[in-house]
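The values are calculated or read from the model by the stated rules, or taken from the named source; none is laboratory data. What you see is a predicted model; the values in this text were computed from it and never measured. With ideal geometry, Cβ positions are generated from the backbone for all residues, glycine too; neighbour counts draw on all protein chains shown.
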Amino acid sequence: MKTSGNTILITGGGSGIGQALAHRFHDLGNTVIVAGRRTQALQQTIAGRRNMHAMAFDADRAEGVEDFAWRLVSEHPALNVLVNNAGIMRFEALDERRDLSDTEATVTTNLLGPIRLTNALVEHLSRQPDAALINVTSGLAFVPLVATPTYSATKAAMHSYTVALREALKGKIEVIELVPPAVQTDLTPGQSTREGYLPLADFIDEVMSLFQQQPTPGEILVQRVGFQRNAEAEDRFDEAVTMLNEIARKARDARK
(Lines give C-alpha, C1' and ligand atoms only; values in the text may rest on other atoms or scores of the structure.)
Protein backbone atom coordinates (compact mmCIF):
# COMPACT_ATOMS: atom_id res chain seq x y z
CA MET A 1 0.00 0.00 0.00
CA LYS A 2 1.20 3.47 -0.85
CA THR A 3 1.44 5.39 2.44
CA SER A 4 1.45 9.00 1.18
CA GLY A 5 -0.46 10.98 -1.42
CA ASN A 6 -3.74 9.16 -0.79
CA THR A 7 -7.23 10.37 0.01
CA ILE A 8 -8.32 8.18 2.92
CA LEU A 9 -11.67 7.69 4.62
CA ILE A 10 -11.52 6.37 8.20
CA THR A 11 -14.80 5.47 9.90
CA GLY A 12 -14.93 5.78 13.67
CA GLY A 13 -12.29 8.48 13.36
CA GLY A 14 -13.39 10.52 16.37
CA SER A 15 -11.49 8.54 19.00
CA GLY A 16 -9.25 5.59 19.75
CA ILE A 17 -7.60 3.61 16.99
CA GLY A 18 -9.47 5.49 14.25
CA GLN A 19 -8.32 8.88 15.48
CA ALA A 20 -4.74 7.70 15.95
CA LEU A 21 -4.64 6.22 12.44
CA ALA A 22 -6.10 9.43 11.02
CA HIS A 23 -3.39 11.56 12.60
CA ARG A 24 -0.56 9.27 11.62
CA PHE A 25 -1.69 8.89 8.01
CA HIS A 26 -2.18 12.65 7.83
CA ASP A 27 1.35 13.16 9.13
CA LEU A 28 2.61 11.09 6.18
CA GLY A 29 1.08 13.50 3.67
CA ASN A 30 -2.37 12.06 3.01
CA THR A 31 -5.71 13.82 2.78
CA VAL A 32 -7.83 12.20 5.49
CA ILE A 33 -11.60 12.20 5.99
CA VAL A 34 -12.86 11.01 9.37
CA ALA A 35 -16.44 9.86 9.69
CA GLY A 36 -18.68 8.89 12.57
CA ARG A 37 -21.76 9.67 14.61
CA ARG A 38 -20.22 12.18 17.05
CA THR A 39 -19.66 15.41 15.15
CA GLN A 40 -17.91 17.17 18.05
CA ALA A 41 -15.37 14.35 18.41
CA LEU A 42 -14.68 14.42 14.67
CA GLN A 43 -14.08 18.17 14.78
CA GLN A 44 -11.60 17.68 17.61
CA THR A 45 -9.78 15.09 15.51
CA ILE A 46 -9.28 17.45 12.57
CA ALA A 47 -8.66 20.64 14.58
CA GLY A 48 -5.64 22.58 13.35
CA ARG A 49 -4.88 20.15 10.52
CA ARG A 50 -5.10 21.10 6.85
CA ASN A 51 -6.39 18.49 4.43
CA MET A 52 -8.37 16.75 7.16
CA HIS A 53 -12.14 16.69 6.89
CA ALA A 54 -15.04 15.46 9.01
CA MET A 55 -18.30 13.93 7.80
CA ALA A 56 -21.26 12.62 9.78
CA PHE A 57 -21.86 8.92 9.17
CA ASP A 58 -24.27 6.40 10.65
CA ALA A 59 -24.25 2.83 9.36
CA ASP A 60 -27.60 1.90 10.92
CA ARG A 61 -29.64 2.59 7.78
CA ALA A 62 -28.75 1.17 4.37
CA GLU A 63 -30.18 4.28 2.69
CA GLY A 64 -28.03 6.49 4.90
CA VAL A 65 -24.89 4.63 3.85
CA GLU A 66 -25.70 5.08 0.17
CA ASP A 67 -26.36 8.80 0.68
CA PHE A 68 -23.11 9.17 2.63
CA ALA A 69 -21.12 7.40 -0.11
CA TRP A 70 -22.61 9.70 -2.75
CA ARG A 71 -21.75 12.83 -0.75
CA LEU A 72 -18.28 11.49 0.01
CA VAL A 73 -17.35 10.80 -3.60
CA SER A 74 -18.86 14.11 -4.72
CA GLU A 75 -16.77 16.08 -2.24
CA HIS A 76 -13.64 13.91 -2.44
CA PRO A 77 -13.46 12.32 -5.91
CA ALA A 78 -9.81 11.32 -5.38
CA LEU A 79 -10.79 8.93 -2.57
CA ASN A 80 -8.73 5.77 -3.00
CA VAL A 81 -8.44 4.25 0.49
CA LEU A 82 -11.25 3.06 2.77
CA VAL A 83 -10.59 2.12 6.41
CA ASN A 84 -13.54 0.32 7.98
CA ASN A 85 -12.76 0.96 11.63
CA ALA A 86 -16.02 1.95 13.35
CA GLY A 87 -17.19 -0.55 15.93
CA ILE A 88 -18.93 -1.04 19.27
CA MET A 89 -18.32 -3.61 22.00
CA ARG A 90 -21.09 -4.57 24.41
CA PHE A 91 -21.02 -7.02 27.31
CA GLU A 92 -23.69 -9.74 27.13
CA ALA A 93 -24.69 -12.67 29.35
CA LEU A 94 -25.32 -15.86 27.38
CA ASP A 95 -26.68 -17.91 30.28
CA GLU A 96 -30.01 -16.09 30.57
CA ARG A 97 -32.78 -14.76 28.39
CA ARG A 98 -32.09 -11.12 27.63
CA ASP A 99 -33.02 -8.14 25.52
CA LEU A 100 -31.13 -8.46 22.23
CA SER A 101 -30.86 -4.74 21.49
CA ASP A 102 -27.11 -4.69 22.16
CA THR A 103 -26.62 -7.81 20.07
CA GLU A 104 -28.47 -6.37 17.10
CA ALA A 105 -26.71 -3.00 17.36
CA THR A 106 -23.34 -4.75 17.40
CA VAL A 107 -24.13 -6.75 14.27
CA THR A 108 -25.38 -3.62 12.50
CA THR A 109 -22.37 -1.46 13.36
CA ASN A 110 -19.56 -4.01 13.22
CA LEU A 111 -20.67 -6.22 10.34
CA LEU A 112 -23.47 -4.71 8.25
CA GLY A 113 -21.89 -1.24 8.43
CA PRO A 114 -18.58 -2.12 6.76
CA ILE A 115 -20.29 -4.47 4.30
CA ARG A 116 -22.72 -1.72 3.27
CA LEU A 117 -20.01 0.93 2.96
CA THR A 118 -17.67 -1.33 1.03
CA ASN A 119 -20.51 -2.22 -1.33
CA ALA A 120 -21.32 1.46 -1.88
CA LEU A 121 -17.71 2.40 -2.65
CA VAL A 122 -16.21 -0.67 -4.32
CA GLU A 123 -16.80 0.42 -7.92
CA HIS A 124 -15.41 3.90 -7.24
CA LEU A 125 -12.34 2.49 -5.51
CA SER A 126 -11.76 -0.01 -8.32
CA ARG A 127 -11.31 2.92 -10.73
CA GLN A 128 -8.72 4.70 -8.55
CA PRO A 129 -4.93 4.28 -8.73
CA ASP A 130 -3.30 2.67 -5.68
CA ALA A 131 -6.68 1.74 -4.20
CA ALA A 132 -6.73 0.00 -0.82
CA LEU A 133 -9.37 -1.33 1.55
CA ILE A 134 -8.46 -1.82 5.22
CA ASN A 135 -10.78 -3.70 7.56
CA VAL A 136 -10.08 -3.38 11.29
CA THR A 137 -10.99 -6.65 12.99
CA SER A 138 -9.68 -7.91 16.35
CA GLY A 139 -7.67 -10.62 18.03
CA LEU A 140 -11.06 -11.71 19.36
CA ALA A 141 -11.90 -12.86 15.84
CA PHE A 142 -9.54 -15.77 16.52
CA VAL A 143 -9.99 -16.37 20.27
CA PRO A 144 -13.38 -15.10 21.51
CA LEU A 145 -14.14 -13.29 24.73
CA VAL A 146 -17.14 -14.96 26.36
CA ALA A 147 -18.33 -11.69 27.91
CA THR A 148 -18.54 -10.02 24.47
CA PRO A 149 -19.74 -12.87 22.27
CA THR A 150 -21.42 -10.88 19.52
CA TYR A 151 -18.46 -8.50 19.19
CA SER A 152 -16.14 -11.49 18.85
CA ALA A 153 -18.47 -13.12 16.33
CA THR A 154 -18.75 -9.99 14.16
CA LYS A 155 -14.98 -9.66 14.07
CA ALA A 156 -14.63 -13.33 13.09
CA ALA A 157 -17.15 -12.71 10.32
CA MET A 158 -15.23 -9.63 9.14
CA HIS A 159 -12.02 -11.67 9.02
CA SER A 160 -13.71 -14.21 6.75
CA TYR A 161 -15.30 -11.46 4.65
CA THR A 162 -11.92 -9.76 4.26
CA VAL A 163 -10.33 -12.98 2.98
CA ALA A 164 -13.11 -13.24 0.39
CA LEU A 165 -12.72 -9.58 -0.59
CA ARG A 166 -8.97 -10.02 -1.05
CA GLU A 167 -9.54 -12.77 -3.59
CA ALA A 168 -12.46 -11.07 -5.33
CA LEU A 169 -10.67 -7.71 -5.68
CA LYS A 170 -7.23 -9.03 -6.59
CA GLY A 171 -5.61 -6.73 -9.14
CA LYS A 172 -8.16 -3.97 -8.46
CA ILE A 173 -8.03 -3.03 -4.77
CA GLU A 174 -5.39 -4.02 -2.23
CA VAL A 175 -7.22 -5.56 0.76
CA ILE A 176 -5.59 -5.44 4.19
CA GLU A 177 -6.77 -6.64 7.58
CA LEU A 178 -5.64 -4.77 10.70
CA VAL A 179 -5.94 -7.04 13.75
CA PRO A 180 -5.61 -5.19 17.09
CA PRO A 181 -5.05 -6.97 20.39
CA ALA A 182 -6.47 -5.47 23.59
CA VAL A 183 -5.52 -1.78 23.27
CA GLN A 184 -5.99 1.07 25.74
CA THR A 185 -8.90 2.96 24.15
CA ASP A 186 -12.40 4.01 25.21
CA LEU A 187 -14.04 1.06 23.44
CA THR A 188 -15.36 -0.18 26.81
CA PRO A 189 -15.58 1.61 30.19
CA GLY A 190 -12.20 1.82 31.91
CA GLN A 191 -10.30 0.29 29.00
CA SER A 192 -8.17 3.36 28.29
CA THR A 193 -6.22 2.87 31.53
CA ARG A 194 -6.55 -0.90 32.00
CA GLU A 195 -3.33 -2.61 33.05
CA GLY A 196 -2.09 -5.28 30.69
CA TYR A 197 -3.63 -3.66 27.61
CA LEU A 198 -1.28 -2.32 24.95
CA PRO A 199 -0.92 1.49 25.13
CA LEU A 200 -2.50 3.12 22.09
CA ALA A 201 0.66 5.04 21.13
CA ASP A 202 2.77 1.86 21.20
CA PHE A 203 0.18 0.02 19.12
CA ILE A 204 0.04 2.74 16.47
CA ASP A 205 3.84 3.00 16.28
CA GLU A 206 4.07 -0.72 15.52
CA VAL A 207 1.13 -0.61 13.11
CA MET A 208 2.56 2.23 11.05
CA SER A 209 5.94 0.51 10.79
CA LEU A 210 4.13 -2.54 9.37
CA PHE A 211 2.14 -0.43 6.90
CA GLN A 212 5.40 0.94 5.53
CA GLN A 213 6.83 -2.48 4.77
CA GLN A 214 7.08 -3.33 1.08
CA PRO A 215 5.02 -5.16 0.14
CA THR A 216 2.48 -4.29 2.81
CA PRO A 217 1.40 -7.45 4.68
CA GLY A 218 -2.10 -8.69 3.95
CA GLU A 219 -2.60 -8.85 7.70
CA ILE A 220 -1.21 -6.12 9.96
CA LEU A 221 -0.33 -8.07 13.10
CA VAL A 222 1.49 -6.42 15.98
CA GLN A 223 3.53 -8.81 18.07
CA ARG A 224 1.06 -8.82 20.98
CA VAL A 225 -1.80 -10.22 18.88
CA GLY A 226 0.08 -13.35 17.84
CA PHE A 227 -1.17 -15.11 20.98
CA GLN A 228 -4.68 -15.01 19.53
CA ARG A 229 -4.05 -15.01 15.77
CA ASN A 230 -1.86 -18.12 15.86
CA ALA A 231 -3.60 -20.08 18.62
CA GLU A 232 -5.35 -22.58 16.38
CA ALA A 233 -2.42 -23.04 13.99
CA GLU A 234 -0.13 -23.71 16.96
CA ASP A 235 -2.58 -26.28 18.41
CA ARG A 236 -3.25 -24.32 21.61
CA PHE A 237 -6.70 -22.91 20.88
CA ASP A 238 -8.51 -24.39 23.91
CA GLU A 239 -5.72 -23.22 26.20
CA ALA A 240 -5.87 -19.73 24.69
CA VAL A 241 -9.65 -19.50 25.20
CA THR A 242 -9.29 -20.48 28.85
CA MET A 243 -6.35 -18.17 29.48
CA LEU A 244 -7.82 -15.13 27.72
CA ASN A 245 -11.15 -15.39 29.49
CA GLU A 246 -9.59 -15.99 32.90
CA ILE A 247 -7.43 -12.90 32.51
CA ALA A 248 -10.50 -10.89 31.46
CA ARG A 249 -12.54 -12.22 34.39
CA LYS A 250 -9.85 -11.18 36.87
CA ALA A 251 -9.66 -7.74 35.31
CA ARG A 252 -13.43 -7.29 35.64
CA ASP A 253 -13.39 -8.53 39.25
CA ALA A 254 -10.63 -6.07 40.10
CA ARG A 255 -12.89 -3.17 39.01
CA LYS A 256 -15.71 -4.16 41.35
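Checking each residue in segment 86-134 for being closer than 22 Å to residue 189 by Cα and either in contact with a His (Cβ under 8 Å, 6 or more places away or on another chain) or assigned to a loop (DSSP other than H, G, I, E, B) (or both) picks out 86, 87, 88, 89, 90, 91, 92, 93, 94, 98, 99, 100.
Residue by residue through segment 224-256, note down the ones that are of a type in the set (S, T, N, Q), surrounded by 13 or more Cβ atoms within 10 Å (Cβ to Cβ) and outside any loop (DSSP other than H, G, I, E, B). Passing the criteria: 228, 245.
The residues of segment 175-197 that are buried (at least 17 other Cβ atoms within 10 Å of the Cβ) and more than 18 Å from residue 249 (Cα to Cα), listed by number, are 175, 176, 177, 178, 179, 180, 185.
Tallying residues that are surrounded by 21 or more Cβ atoms within 10 Å (Cβ to Cβ) and either free of Cβ contacts under 8 Å to residues at least 12 places away in the same chain or among the hydroxyl-bearing types (Ser, Thr, Tyr) (or both) within segment 1-50 yields 2. Of the residues making up segment 71-90, those that are under 19 Å from residue 12 (Cβ atoms) and hydrophobic (A, V, I, L, M, F, W, C) are 72, 79, 81, 82, 83, 86, 88, 89. Please verify whether residue 162 is modelled with pLDDT of 95 or more, among the hydroxyl-bearing types (Ser, Thr, Tyr) and over 18 Å from residue 136 (Cα atoms), treating the condition exactly as stated. For residue 162, the condition - modelled with pLDDT of 95 or more, among the hydroxyl-bearing types (Ser, Thr, Tyr) and over 18 Å from residue 136 (Cα atoms) - is not met. Looking at segment 142-155, can you tell me whether even one residue there is out of contact with any Asp or Glu (no Cβ under 7 Å at 6 or more places or on another chain) and at positive phi? No, segment 142-155 contains no residue that is out of contact with any Asp or Glu (no Cβ under 7 Å at 6 or more places or on another chain) and at positive phi.
When segment 213-223 is examined, which residues are found to be touching a residue at least 12 places away in the same chain (Cβ under 8 Å), outside any helix (DSSP H, G or I) and either in contact with a strand residue (DSSP E or B) (Cβ under 8 Å, 6 or more places away or on another chain) or exposed (fewer than 12 other Cβ atoms within 10 Å of the Cβ) (or both)? 216, 217, 218, 219, 220, 222, listed by residue number. For the residues 162, 150, the requirement of being in a helix (DSSP H, G or I), more than 21 Å from residue 226 (Cβ to Cβ) and of a type in the set (Val, Ile, Thr) singles out 150. Within segment 69-92, the set of residues being of a type in the set (Gly, Ala, Ser) and without any contact (Cβ under 8 Å) to a residue 24 or more places away in the chain comprises just one member, 74. Going through (1) touching a His at 6+ places or on another chain (Cβ under 9 Å); (2) surrounded by 17 or more Cβ atoms within 10 Å (Cβ to Cβ); (3) part of a loop (DSSP other than H, G, I, E, B) one by one, residue 77 falls short only on (2).
Just one of (1) assigned to a loop (DSSP other than H, G, I, E, B); (2) surrounded by fewer than 21 Cβ atoms within 10 Å (Cβ to Cβ); (3) of a type outside the set (S, T, N, Q); (4) at pLDDT below 95 fails for residue 64. It is (1).
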